[in-house]
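A.B. asks: Could you have a look at this structure, given as C-alpha cells, before my questions?
The values are calculated or read from the model by the stated rules, or taken from the named source; none is laboratory data. All of these numbers come straight from a predicted model, not from anything done at the bench. Don't worry about glycine lacking a Cβ; one is built from the backbone with ideal geometry, like all the others, and counts go over all protein chains shown.
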Amino acid sequence: MRLRFTLLLTALVAACGTPQEQCIRTATRELRTLDRLIAETEANLARGYTYEEHEIMRHEWTRCDDWVRGTPVRMCFEPVWDTVRRPVAIDPEAETRKLEGLQARRKALGRQADAAIAACRARYPETQ
C-alpha cells in the first residue's frame, strides 16, 4: 500500500514537469497570454467582428429539499445562469492599432523571455 502511494505521488510530481520546465513555463507565462491575445485580435480582423459574452438568467424547476421516503416532493423554481456569446461589430482601425501594440509588446517580451529561458537552462541543467 505504501509503495503504491509513493509511486502515485512520484507520478504526480513528474507530471508537473522538471524544475527547468517549471522555470521556463513561469518565465514565458505573459508571452503565452500575449500570443493568445494576438491570435484573438487577428481572428477578429479576419472575421470583421468579435464576440461578447453575456450572462443571462433563466429559471428551471428543481427539487428544493432532501427527499425522505413517505414525504411529498417539493419543487422550486430556481435561477440558473447561462453564458451567451453574441457577435459585436469592431472598428477595424482600432483593432489594427491594438494588434500592432500587442505585437510590439510581444517582441520586447520575447527578448526578455529568451534571456529568462537561458537563465532557467543554466540554473536547472537537464541531465540525460
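A.B. asks: Select from the stretch 36-80 the residues that are among the basic types (Lys, Arg) and not in a helix (DSSP H, G or I) and list them in ascending order.
C.D. replies: Here is the first cut: in the stretch 36-80, the ones among the basic types (Lys, Arg) are 36, 47, 58, 63, 69, 74.
If the condition is that a residue be among the basic types (Lys, Arg) and not in a helix (DSSP H, G or I), then ARG58, ARG63, ARG69, ARG74 are the ones that fit.
A.B. asks: Looking at the stretch 47-66, I want the residues that are touching a residue at least 12 places away in the same chain (Cβ under 8 Å) and have a partner that is surrounded by 11 or more Cβ atoms within 10 Å (Cβ to Cβ) and part of a helix (DSSP H, G or I) with Cβ atoms under 7 Å, at least 6 apart or on another chain. Which pairs are those?
C.D. replies: Sorted first by the residue in the stretch 47-66, then by its partner, the pairs are THR50/ASN44.
Okay, residues lined up against (1) touching a helix residue (DSSP H, G or I) at 6+ places or on another chain (Cβ under 8 Å); (2) closer than 30 Å to PRO19 by Cα:
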| position | (1), (2) |
| --- | --- |
| ALA46 | no, no |
| TRP61 | no, no |
| VAL84 | no, no |
| PRO87 | no, no |
| PRO92 | yes, no |
| LYS98 | yes, no |
| GLY101 | no, no |
| ARG105 | yes, yes |
| ARG123 | yes, yes |
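This table checks each residue for (1) more than 30 Å from PRO125 (Cβ to Cβ); (2) at pLDDT 90 or above; (3) among the acidic types (Asp, Glu).
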residue	(1), (2), (3)
LEU12	no, no, no
GLU53	yes, yes, yes
THR71	yes, no, no
VAL84	yes, yes, no
PRO92	yes, yes, no
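A.B. asks: Of the residues ALA116, ALA39, only one is out of contact with any Gly (no Cβ under 9 Å at 6 or more places or on another chain), touching a residue at least 12 places away in the same chain (Cβ under 8 Å), under 30 Å from PRO19 (Cα atoms) and among the small types (Gly, Ala, Ser); which? Even if it seems obvious, please write down each step before you answer.
C.D. replies: Details: ALA39 fails: touching a residue at least 12 places away in the same chain (Cβ under 8 Å).
After ruling out the rest, the residue left standing is ALA116.
A.B. asks: Could you check the stretch 87-112 and list, in sequence order, the residues that are touching a Phe, Trp or Tyr at 6+ places or on another chain (Cβ under 7 Å) and surrounded by 10 or more Cβ atoms within 10 Å (Cβ to Cβ)?
C.D. replies: Taking the stretch 87-112 first, the residues touching a Phe, Trp or Tyr at 6+ places or on another chain (Cβ under 7 Å) are 87-90.
Once the filter is applied, which keeps residues that are touching a Phe, Trp or Tyr at 6+ places or on another chain (Cβ under 7 Å) and surrounded by 10 or more Cβ atoms within 10 Å (Cβ to Cβ), the stretch 87-112 yields PRO87, VAL88, ILE90.
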